[in-house]
Structure formats: structure tokens, C-alpha cells
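The values are calculated or read from the model by the stated rules, or taken from the named source; none is laboratory data. Remember, it's a predicted structure, so these values are computed and weren't measured experimentally. Glycine gets a Cβ as well: all are built from the backbone with ideal geometry, and neighbour counts include every protein chain shown. These accessible areas exclude ligands, DNA and RNA; they are computed on the full protein's heavy atoms, side chains included. Shrake-Rupley method; radii C 1.70, N 1.55, O 1.52, S 1.80 Å.
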Amino acid sequence: MALYAKAAEILEKVERKQATVKTLVYDSKFQNIKQLFALVCETQKFSSILQEIIESTKLLKQTKIKINLAKVLVYDLVIGKGLKCGGAWKALMMKHRSRLQAALARMKIKQKVSRNQDLLSSSLQHPEGDQLPRYVRVNTLKTTVEDAIDYFKREGFSYLGQAYRLDDLNLKGKSFVGDLHLSDLLVFSPKTDFHDHNLYKAGHIILQDKASCLPAYLLNPPTGSHVLDACAAPGNKTSHLAAIMKNKGRLFAFDLDAKRLSTMSTLLLRAGVTCQQLANQDFLKVDPDGPQYKDVEYILLDPSCSGSGMVCLRDEASPSQKEQDKRRLQALAAFQLHCLNHALRFPRLQRLVYSTCSIHTEENEQVVAACLLQNPGFRLVPLLQQWPERGLAPLTKCLRASTTKTLTHGFFVALLERHTAQRLEEQASETLNPIAEMSPSTSKDIHEADITEGGDEVQEPISTTKDMDMAEEANPTEENTETSGMKKRKKKKDGDKEALEHKTTEEQTNTSGRAKKKKNAKVE
């Protein structure tokens, strides 16, 4: 009976939009995750049909059980493969079996169909999620992409090489490819199951949708950096950040739910993550000026959202449900904006990724637009020029994802960074004297370089080396801010000095006045 009780509990939480089905199932620590996930998804798919059967037979009144428990029991009894429980519950349901089956038969006669599947709407008969590829992220903390490919090939999978266009991800059978955007991602045919695979159990691979891999990939924190994952559980993005950082640096991860954090701790342990510092804490109560966060320069913020991008959460809502969802969206957007504003308060923050698994503009572009108005010191960074779906205008620097255009679940990603001009101001306060001695022309050159760097040119995620190069350009020192004229004068002085060493004493006497002038120029 534990299976049905847990499935009913998850359905209730999904209805309250507390989290996605997958998150709730994996957080449940149920012994047979695959069985639980299948029961919840199938019950949810047939929800309206089950509701009608239960109401027409007055099952709740006669059994005194709650609606979601009734749904999972009725599903397995009359649509699924039979009840997987015994005792009093099975005896109770078997008493009503014939009436429940008769109600289902009447529905099929009324709609002139012969199969249970045909009672579903066309969108539910062919759910988009069933057509999505299986994405497998290679955990580079434990293995390499090449070794993972060799392992799968030895198991009979056929590697077709690197994908170069979206159509290459439409795979069948045991074929797989390397993803065209993310180098550590392998792509298999839909419904390929790895939950019992050795590489999954050992933490060498992570089962993660491609869109969910984007936030850590685009944030791209350098090795050794201090990074903060604001709403971290269940932990896939956290483990991805640790892999990008090569387990070097500090990775602060927060989540308010203790059970989710416990599950996350287990996941990170299996993934070989060692640089993490977990905290069962509300991110909004974290002090940005706390001494332990003084070096945090990168933040990943993936706050609670409607989950409307998750294919298995989509259903046909009633008018009253739509009104309720509208109010909930407004509350979620206010919470998300609060989280975003709070994250931007960390004093040394340079880059922040904001992401949701939502398709609603209220949680995506509208939140980002409001944040930018309230935080003029930050700007959007253009992302992945080759990505096929952009944010809604005018925020086209952001990314969107969908089942049709990117072959993923619905998703949204924005990358914010502190203005280069503001970074220069901070640098100026630390190196006031060298900058004060710069010529006006030098300052103008630097300003023009900043404008070029901060323009609309698309920026790919940058490597550590490129980060250092950009930092040198954005934070000029006394050495690298010499103008071309200064360099020419220096070269001339070196040549003069060498020539003087070869002059005779008489020539030195005759040209003493000229040498004196050169000396004065050198002092200047």
C-alpha cells in the first residue's frame, strides 16, 4: 500500500504546484523510483477520466478515501496492470471493481472508442515528453566523455559522432550522438532508460534534460572561484557547477527544505563533489555582506516556479483553475524578483544566471526586465548565437527552450553581469594613484574598449584563460595602459641610451646639452 499512499501524496503536491513530478518522486526516497514515477505520470494523464469514473460510482462516499488515493487505486484496478497491494485495501477496491469497470465501458461507448488510450485528448495520447531525446550528462569529475562513449559502444550502442544540427538528435534504437551545443552531453533515443545502469549508479553519468544543463554551462565559473547556488536542490545543477570548477574553489548551496537537501547531499556524494558547502537555509535570509561570501563572484539562481515547462505537468485547466493559476503566477513572480534583487546585493558578484522551468513570460522576461530597471549596475549578456529559440522581444539576449524548437522541456535562461564601467570604478578605488596618472587619451582608449566589449556582439561562455584576458582589458594596470606614444618614447630612449654608451668623451662633451634634455625627458 506504500506505493499508492506515496503516489497520492505526490499528486497532491503537484496539484499545489510545489514542485515537478520528477523532483517529488526522486525526493521521496521510495524504494522503486521507476514504478512510482510511472504510476504518478499515468494517473495524472488519465486524471479527468478517473475523476468521472469515481464521481459516477460515488466511490469516495462509499469508501471514505481521498480523491488522489482513489485515483491511483482506480487507475491500476481498471486501466493499469492490476492492484499491487493486498490486505484490506485490495479487498475494499475489489468490492467496487465491477461498477468501476462498467463506468469505464460506458465512457468508451459514449465516445465511440474501443481503447482506454482513445479516451484521452490528442495532446495526451501523444505527449511531447515521449518524443524528447534522452539526455545524459557525463560527470567529468569521475570520467571523461571519451571513456563514457567507449563504455556505451562496448554495450552495443552505436555512436554516430557529433551532432551538427537539431535534426541529428532525432534518434532511434541504440544510436547516440554528442550534443551540438554542450560538449559533456550525450544524446540517446527517447525512452532509453539508464536508471539501473552501472554508470548512473556510480555517478559517472547524470540524467538531466539538456535545458537544465544550460544554467551552469552559461555561468561557467572558473576553476578555484567562489560560487553560490541559491536554490540548489535536488542538486543536478550544483554537481554540474562543481564539474566545471573541477572541484576547486568553494560552492555554497542553499535550500530551505531539509529533506530535499538531504537527498541532494546523497546525489553530490555519488557524483564525487567535494567543494560544496551545504546549508539548510532560506536564501533570502543569507547576509550578502557575510565574511564567508566576500569572494562570491558567480551565482546561479533557479528559484521555485510554476514548472509549466515540464511536459508531464501540462494539463487542460478549467476556467476556475486558470484564474487560480494567474494569481499564483503573480505571487511567484514577486518571489522570484525578490530573490533576484537579493542575489545582486553580493558585493563582489560579477555574473549571475537566472533560470526557470517555466514557459510563462510573467516568471521570465517580466521578472528580468523589472530587475534590470531596479539594478542599473547590471546588464544582460547575449547568449549562444546558434541557439534556435530566443527570449521574447525586447529581451532577445535571453534564451528560451521548448519541445518543438530545441527538443527539450520548456525553459528560460538569462545571464546578468555587472557593468564593465562599474568594475572599472571599483578597480579605480583600489589603484587610485596609477589611474590618476593616466593621460586623458589613455582614459578615452579604455572607455572605447569597454564600449566595444559591452556591445551587442554575441558572447559564448568564456573559459578561465579568456576570463583572465577580459579582466586584464577591463581592469587596466600601470603596465598595460601605456599608449602607443608612450611605448614609442620608451623605445627611443632605450636606443638613445645605447648610442650614448658608444660615443667618445669628446662627443659626450659636445652634446652634453642634448643629453641633458634627454635626461629631462626620461624623468618626465
With respect to L132, determine if the residue is at pLDDT below 95, in contact with a Pro (Cβ under 9 Å, 6 or more places away or on another chain) and on the phi < 0 side of the Ramachandran plot.
yes
I'd like the full set of residues that are open to solvent by 20 Å² or more (accessible area, probe 1.4 Å) and either touching a helix residue (DSSP H, G or I) at 6+ places or on another chain (Cβ under 6 Å) or closer than 20 Å to Y4 by Cβ (or both), limited to the stretch 97-106.
R97, R99, Q101
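Table: residues versus (1) at pLDDT 95 or above; (2) of a type in the set (S, T, Y); (3) touching a Lys or Arg at 6+ places or on another chain (Cβ under 7 Å); (4) in a strand (DSSP E or B).
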| position | (1), (2), (3), (4) |
| --- | --- |
| V353 | yes, no, no, yes |
| A369 | yes, no, no, no |
| R379 | yes, no, no, yes |
| P434 | no, no, no, no |
Those residues of the stretch 50-68 which are hydrophobic (A, V, I, L, M, F, W, C), assigned to a helix (DSSP H, G or I) and open to solvent by less than 30 Å² (accessible area, probe 1.4 Å), in sequence order:
L50, I53, I54, L59
With respect to R390, determine if the residue is among the charged types (D, E, K, R), in contact (Cβ under 8 Å) with a residue 12 or more places away in the chain and assigned by the TED database to the domain that holds A216.
no
Given (1) at pLDDT 95 or above; (2) open to solvent by 20 Å² or more (accessible area, probe 1.4 Å); (3) farther than 20 Å from E417 by Cα; (4) not small (G, A, S), T266 misses just (1)
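Just to be sure, is K22 touching a His at 6+ places or on another chain (Cβ under 7 Å) and under 30 Å from D255 (Cα atoms)?
Details: touching a His at 6+ places or on another chain (Cβ under 7 Å): no; under 30 Å from D255 (Cα atoms): yes.
Considered against the rule, which asks whether it is touching a His at 6+ places or on another chain (Cβ under 7 Å) and under 30 Å from D255 (Cα atoms), K22 comes out as no.
Do any helices (runs of 4 or more DSSP H) entirely within the stretch 1-49 hold 1 or more residues that are modelled with pLDDT of 90 or more and not aliphatic (A, V, I, L, M), and if so, which? Outline the logic, then answer.
Numbers: elements: 2-15, 21-27, 33-45.
Filter on the stretch 1-49 gives 2-15, 33-45.
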Please find, among L300, L256, the residue that is over 13 Å from the mean Cα position of the chain (by Cα) and either free of Cβ contacts under 8 Å to residues at least 40 places away in the same chain or not in a loop (DSSP other than H, G, I, E, B) (or both).
L256
Does any residue in the stretch 403-422 that is under 16 Å from F378 (Cβ atoms) come within less than 6 Å, Cβ to Cβ, of a residue that is part of a strand (DSSP E or B) and not basic (K, R) six or more places away or on a different chain, and which pairs are these?
V413/S355; V413/L399; A414/Y354; L415/V353; L415/L383; L416/L352; L416/F378; R418/F378
Strands (runs of 3 or more DSSP E) wholly inside the stretch 98-188 that include at least 2 residues being over 25 Å from T238 (Cβ atoms)
158-162, 175-178
Can you say whether S114 is more than 30 Å from G178 (Cα to Cα) and either at pLDDT 95 or above or under 31 Å from the mean Cα position of the chain (by Cα) (or both), as far as the supplied structure shows?
no
Among all residue pairs at least 6 apart or on different chains, which show Cβ distances below 8 Å where the first residue, located in the stretch 23-44, is open to solvent by 40 Å² or more (accessible area, probe 1.4 Å) and the second is at pLDDT 80 or above and among the aromatic types (F, W, Y)?
E42/Y75
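Can you tell me which residue among T361, T396 is free of Cβ contacts under 8 Å to residues at least 40 places away in the same chain, open to solvent by 60 Å² or more (accessible area, probe 1.4 Å) and of a type in the set (V, I, T)?
Sole residue among the options that is free of Cβ contacts under 8 Å to residues at least 40 places away in the same chain, open to solvent by 60 Å² or more (accessible area, probe 1.4 Å) and of a type in the set (V, I, T): T396.
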